[in-house]
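Here's the structure, in structure tokens; my notes come after.
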Amino acid sequence: MSSIYDKYEPVIGLEIHAQMKTQTKAFCKCSTNFHNSPNSNVCPICLGMPGTLPVLNKELLDYAIRMGLATNCSIREKSIFARKNYFYPDLTKGYQITQYETPICYDGHIHIKLKDKSEKRIGITRIHMEEDAGKSIHDFSDSETLVDFNRCGVPLIEIVSEPDINSSEEAITYMQKIRQILVYLDICDGNMEEGSLRCDANVSVRLKGSKEFGNRTEIKNLNSFKNVSDAIETEIKRQIEATENGEKVVFATMTYNAKDKTTTATRSKEQAHDYRYFPEPDLVKVNADEAMINGIKSKLPEFPDDKLKRFVNAYSIPEYDAEILTSGKELSIYFENVIKELKNKNEKAYKQASNWVMNDVLKVLNDIKINIEKFNIPEINLAKLIDLLLEEKINKTVALELFEMMLTMETRDGQNPEHLLKEKGLEQVSDTGEIDNIIKKILTESPKEVERYKGGEKKLAGLFVGKIMRESKGKANPKIVNELLLKNLEAL
Ligand SMILES: [Zn+2]
């Protein structure tokens, strides 16, 4: 059934603000530490006192160029900063230092992978450097607002996309990709809860097939993937319904209310800010010459897409595995360290390593909500466990048992699976005589089942295997158990 919504195509562009991981602020030496107490990371420069002079943090320039190179942008050799003038209680200066007509990076693109596995190119209009404003806190009382200036002057880059995005799903995929690149480049921690990554979404709708853009609205300050998705969905629906009712969509700045899932206009075009941008007179021109750019290029880490391809080629693991393993930079390093520590180096071993990290390790991380940096099994011990399994010294049941034990052990030595194995006497039994004795015992104890098996109920073999494994305390080599069991049954 087609609905009114199917007639329209959403057109979306995102402006992502990413906080840079520098130690100090963009134009002064104040700390950027999020956890310091309110109004402790401040000085006359970031508070904009008369007579103070800002100086550009070179790291911010370095980081912005890294992001530009990673997203196929051109880097502008000479750019300037501008003042964006507006009044807000959490901006003591009355203006924000940003880049206006000459962003440091421009004209780039990245590729995102869509659900149907096809790739889509999303253009990057520009990346510019700027400083953050402070924070107003309304939660403490109904009648008063508090301000924290710690954020004032914290370095940001703003990554502006072309309106190449056509659904909320694509928007999320694009934003996740941007976050992944930022984290790989080690320039942003990607922590959305602490506000290190926020986004404004420009949304419009048009009839499918139409070339012209509809009027857009801009939803401000979305700070989680879920809010980005929900806000865009809500706004698309609102615009389609308005258009269908014969109303005109007019440009407005919107806020998204997650509680009742609505978007509301806070400013219309008539009330829109006139920022009166002008060149920041206190800062010199930014110079990014070829030597500097080449220097930064030479220090760039491997990008996530390249790492994914390398994993597939070097370790012969499926693309699906490689995608998960490279989704986070630290996870990809962990996986590769496990591979390095493995004694067995072949495709089977690599796939085992991939399975353990992707399934067992990630499950633990999700269950106890930690990231891989806090995971307590070092790569070498997981590699040892996998080697034991590959060398058939243990079976999967015992491997999982050992893995559980390792999780509870604090010291690296204490959780060494080779030691644990000996200590607990869990070595796999491959002694055919010993296994044969257990099989004979179980079959003698189950005369009725043996009769039924002989009568044609072949699936009872599984029941015998279960009993034999239990009798061996899970240590019997399952391959030998299967072989000998069939022999015994046939001989009966
Ligand atoms: Zn300062």
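Peptide packing for 176-185, 51-60 was compared via the average number of neighbouring C-beta atoms within 10 Å per residue; ordered from the highest value, the list is 176-185, 51-60. The 3J(HN,Hα) values that the Karplus relation (6.51, -1.76, 1.60; θ = phi - 60°) gives for the range 95-105 are, in residue order, 7, 10, 8, 8, 10, 10, 7, 10, x, 5, 10 Hz. Gly and Pro appear as x.
Close amide H partners of PHE303, meaning residues 5 or more places away or on another chain with modelled amide H under 5 Å apart, do not exist here. In plain terms, if you count all Cα to Cα distances in the range 62-210 and split them into 5 Å steps from zero, the share in each step is 2, 8, 15, 18, 18, 15, 11, 7, 4, 1, 0 percent.
Where in the range 292-391 are there trypsin sites (Lys or Arg not before Pro) that are in a DSSP coil and have at most 14 other Cβ atoms within 10 angstrom of their Cβ? If you can, show how the numbers build up before the last one.
Details: sites: LYS297, LYS299, LYS307, LYS309, ARG310, LYS329, LYS340, LYS343, LYS345, LYS348, LYS351, LYS363, LYS369, LYS374, LYS384; in loops: LYS299, LYS343, LYS345, LYS369.
Loop-located and lightly packed - LYS299, LYS343, LYS345, LYS369.
Evaluate 2.2 N^0.38 Å with N set to the residue count of the range 432-491, then give the Cα radius of gyration divided by it. Don't skip to the end; give the middle numbers.
Numbers: Rg = 10.5 Å, N = 60, 2.2 N^0.38 = 10.4 Å.
For the range 432-491, the normalised Cα radius of gyration comes out at 1.01.
Against the chain, whose longest principal axis is taken from its Cα atoms, helix 478-491 shows a tilt of about 30°.
Remark: the range 183-192, residue by residue, has Karplus-estimated 3J(HN,Hα) of 5, 4, 6, 6, 10, 8, 7, x, 7, 6 Hz, where x stands for each Gly or Pro and the curve is 6.51 cos²θ - 1.76 cosθ + 1.60 at θ = phi - 60°.
Using the scaling law 2.2 N^0.38 Å as the reference, what is the normalised Cα Rg of the range 347-477? Walk me through the intermediate numbers first.
Values: Rg = 18.1 Å, N = 131, 2.2 N^0.38 = 14.0 Å.
Ratio of Cα Rg to 2.2 N^0.38 Å: 1.29.
Which GluC sites (Glu not before Pro) does the range 428-492 hold that lie in a coil by DSSP with at most 13 other beta carbons within 10 Å? Qualifying residues, ordered by number: GLU457.
Calculation over all alpha carbon pairs of the range 252-335 in 5 angstrom steps from 0 returns a P(r) of 3, 10, 11, 8, 6, 7, 10, 14, 16, 10, 4, 1 percent. Modelled spin labels at GLU77 and SER40, positioned 7 Å past Cα toward Cβ, are 4.6 nm from each other.
Can you tell me the length gained on complete extension of the stretch ASP142 to SER268, counting 0.36 nm per residue apart and subtracting the Cα distance? Let's see the in-between values first.
On the way: separation 126, 0.36 × 126 = 45.36 nm, distance 2.68 nm.
That pair, ASP142 and SER268, stretches by 42.7 nm at full extension.
The separation of the range 279-343 from the range 436-453, counted between C-alpha centres, amounts to 58 Å.
Projected label points at LYS211 and GLU302, each 7 Å from Cα along the beta carbon direction, are separated by 4.5 nanometres. Taken over the alpha carbons of the range 128-236 as equal point scatterers, the Debye sum produces base-10 log I(q)/I(0) values at 0.11, 0.18, 0.22 Å⁻¹ of -0.45, -1.02, -1.28. Give LYS345/LYS396; LYS25/LYS84; LYS329/LYS393; LYS117/LYS329; LYS58/LYS369 a once-over and call out the pairs whose C-alpha atoms are over 29 Å from each other. Beyond 29 Å: LYS329/LYS393; LYS58/LYS369. For the range 355-370, take each phi angle, set θ = phi - 60°, evaluate the Karplus expression 6.51 cos²θ - 1.76 cosθ + 1.60, and give the result in whole Hz per residue in order, putting x for glycine and proline. Along the range 355-370, the couplings run 4, 5, 5, 5, 9, 6, 5, 4, 5, 4, 4, 5, 4, 9, 6, 10 Hz. The orientation-averaged shadow of the Cα convex hull for the range 306-382, equal to a quarter of the hull surface, comes to 4.5 nm².
For the range 4-295, taking Cα atoms only, Rg and Dmax work out to 19.5, 59 Å respectively.
Do any trypsin sites (Lys or Arg not before Pro) in the range 65-153 lie in a DSSP loop with no more than 12 other beta carbon atoms within 10 Å, and if so, which?
On the way: sites: ARG66, ARG76, LYS78, ARG83, LYS84, LYS93, LYS113, LYS115, LYS117, LYS120, ARG121, ARG126, LYS135, ARG151; in loops: ARG76, LYS93, LYS115, LYS117, ARG151.
Those satisfying the criteria are LYS115, LYS117.
Shown for the chain is the translational diffusion coefficient from the Stokes-Einstein equation, using the Kirkwood radius over Cα pairs, a temperature of 37 °C and a viscosity of 0.692 mPa s: 121 µm²/s.
Just so you know, all these numbers are worked out from the coordinates, no wet-lab data involved. Small disclaimer: the values here were computed from a predicted structure and weren't measured. Note that each Cβ is placed from the backbone with ideal geometry, even for glycine, and that neighbours are counted across all protein chains shown.
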